[in-house]
Amino acid sequence: MNILFASSEAVPFSKTGGLADVSGVLPKEISRNENITLILPYYKNETSPNIETKKIDSFDVIINKIKYKTEIYKKRIDKKFNVVLVSQDLFFARKFIYSDSSTAYLDNFCRFLLFQKAIINFIVKNKIRYDIIHINDWQTSLIPILSKYSKNFKIFKNSIFILSIHNLAFQGVFERYHFKELDIPDHFFSPDYIEYYNKINFLKAGIIFSDSITTVSPTYAKEILKPEYGYGLDGLLKKYSLKLTGILNGVDYKIWDPKNDPLIYKKYSIETLINKKENKIKFYKEFNLPFEIDSSLAILITRLSKQKGIELLLNSFNKLRREKINILILGKGDSSYESVLTKISKRSKKIKFLNLFDEQIAHKMQAAADILLMPSIYEPCGLTQMYSLKYGTVPVVRSTGGLEDTIENHISKTQPGTGFKFKSIDSNEFVLTIKKALKIFQDKNEWKRLQLNGMSKKFSWASSANNYLNLYKKLLKKEKMNERID
Ligand code: ADP
């Protein structure tokens, strides 16, 4: 099987969130069994990693009659796994990936159309036959339709297109006047295809023209069929629900395991949980935090967006005033949240805010903390809570999407679960659940049982990759049967 995995970000090349974690590890896992190429934009800025690559191709990509010189680079990871990078410095050599602080780049239509057209050109020019073309989110959602109208559509004749939705709220919606730049027949600008309230919707095109759709947890796969979670596409997804499945993400334990994490102060595991405390002590010292060592430390490591339940958090601060809890937030995102958290952090001795995106600090915080707060309004999968489990940091989460699927509620001593869940989008319920956690925190034995239970859970990528491989095989078998019928 020959697979192409197209994504707009992947660790260690680029990252703004969970998509990068998934794209960094899933292809690697799949390559244990099959040939796979990960294709990414070649972002360049001062924080880009220094990874040696080799130029393998160059061609012009034409958008609106303008020729953009585009180069293709390659990094061979191992025998069955290659990374291909689409280089176009005008579009991809920038400080950020999608947006400058909270405003999306105005030329995102052109940037990600170029990326997708370049992928098609690369396949056509080099005559590469892929059995599976696995696309991810809106940034690669046009590939199925663009391939049908490419110069050599026959090369794609036997390719199966799979779309993975990592967050339905991001759809790639652009003004209608761009439509001609897609170079596809006019009739596709209709509500039956890629028109969305008189605009173009990339993700809609992916949903319609892919052979199969996956999303990143079974619960989210059900939720997105409802208007509350569907972001205007629930009706369309319902129509195509037979091709929709939920496959839970996993954790890359090579990166996220306190037993061998080089980024934390003191390594620990189930057997040496006692060493976790040293991480808290050293973290407070390094970051000069005025927190009491025996009070609980609750953390958030998050994009600061409405999705993540930041309003619930802000409304909970006052109600937690008298509790023995310190809250530390690591986050970047909406400027309004950044400024209110900065103000609170200056005033408060118990709430601190690090307005950064910093991987190393994220690791140190997971190791130092007692509790992770994740009051998400919706959460397609969520990785942070799974990392927390491994670090013995107990999650308090809203039961939605992947949070529902990965966290087991604490019920009693005999049913310790792995964390604490609440249902309503309501700060009182959130606070009550935090208080429940704080009560158990006082009972060191019960707390330890909860930690150990979480640390023993395994969300391995091997099992997720296996689910994807089974899906690929099933679709290829179906394709072969159809051919015979044809
Ligand atoms: P999402 O993809 O919706 O942002 P996930 O929980 O799936 O949320 O993944 C978030 C990833 O991004 C995790 O690896 C988390 O550690 C990381 N992350 C989020 N915010 C920050 C930050 N401010 N600094 C460092 N890492 C962050």
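The values are calculated or read from the model by the stated rules, or taken from the named source; none is laboratory data. Quantities reported herein were computed from a predicted structural model and do not represent experimental measurements. Heads up, the Cβs are rebuilt from the backbone with ideal geometry, glycines too, and the neighbour counts pull from every protein chain shown. For the accessible areas, the whole protein counts, side chains as well, though only heavy atoms, and no ligand, DNA or RNA atoms are used. Shrake-Rupley method; radii C 1.70, N 1.55, O 1.52, S 1.80 Å.
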log₁₀ I(q)/I(0) of segment 23-103 at q = 0.16, 0.17, 0.19, 0.22 Å⁻¹, via Debye over equal Cα point scatterers, no solvent, to two decimals? -0.73, -0.80, -0.94, -1.09
Specify the inter-centroid distance of segment 34-104 and segment 190-207, based on alpha-carbon positions, in whole Å. 26
Project the alpha carbons of the chain onto their principal axes and report the range along each, largest first, in whole Å. 66, 45, 44
Charge dipole (debye, nearest 20) of segment 273-457; +1 at Cβ of Lys and Arg, -1 at Cβ of Asp and Glu: 600
Cα-only Rg/Rh for segment 159-265 with Kirkwood Rh rounds to 1.12
Under Karplus coefficients 6.51, -1.76 and 1.60, residue-wise ³J(HN,Hα) of segment 143-149 in Hz, glycine/proline x: 4, x, 6, 4, 5, 5, 10
Tell me which aspartates and glutamates have Cα within less than 12 Å of LYS421's Cα, excluding those fewer than 8 residues away on the same chain? GLU404, ASP405, GLU408, GLU429
With all protein chains present, the chain has a carbon and sulfur share of its accessible area (1.4 Å probe) in percent of 51
Under 1.5 on a/c is rounded, so check that first for segment 296-335, then, if it is not, pick prolate when a/b is larger than b/c and oblate when it is not; a ≥ b ≥ c are the square roots of the alpha carbon gyration tensor eigenvalues. oblate
When the C-alpha atoms of segment 273-457 are aligned to their principal axes, what extent does each axis show, in angstrom, from largest down? 43, 35, 31
Pairs LYS74/LYS239; LYS238/LYS457; LYS239/LYS457; LYS15/LYS306; LYS80/LYS458; LYS67/LYS95: which are spaced more than 29 Å apart, C-alpha to C-alpha? LYS74/LYS239; LYS238/LYS457; LYS239/LYS457
Rounded to whole angstroms and listed largest first, the alpha-carbon spread of segment 221-365 along its three principal axes comes to 55, 38, 25
What lysines does LYS243 reach when the alpha-carbon gap must be under 17 Å and sequence neighbours fewer than 8 apart in one chain are set aside? LYS204, LYS222, LYS226, LYS473, LYS474, LYS477, LYS478
Most packed first (mean Cβ within 10 Å per residue), the peptides 401-412, 144-155 order as 401-412, 144-155
Could you order peptides 474-482, 213-221, 91-99 by the average number of other Cβ atoms within 10 Å of their residues, highest first? 213-221, 91-99, 474-482
Hey, how many Å between the Cα centroid of segment 351-395 and the Cα centroid of segment 405-447? 16
Set of lysines near LYS69 by C-alpha distance (under 19 Å), chain-local residues within fewer than 8 positions excluded: LYS44, LYS54, LYS55, LYS117, LYS125, LYS151
For 382-393, 275-286, 162-173, ranked highest to lowest by mean beta-carbon neighbours within 10 Å, the order is 382-393, 162-173, 275-286
State the answer as a single residue: which of GLN385, ILE411, GLY401 lies farthest towards the positive end of the charge dipole of segment 380-426, with beta carbon charges of +1 for Lys and Arg and -1 for Asp and Glu, about the Cα centre. ILE411
Check: the chain dipole with +1 on Lys, Arg Cβ and -1 on Asp, Glu Cβ, in debye: 800
Rolling a 1.4 Å sphere over the protein heavy atoms, what is the accessible area per residue of the chain, to the nearest Å²? 45
One would report the Cα pair-distance distribution of segment 77-159, bin width 5 Å, in %, as 3, 13, 21, 22, 18, 13, 7, 3, 0
Length released on extending from TYR197 to LYS444, taking residue separation times 0.36 nm less the Cα-Cα span: 83.3 nm
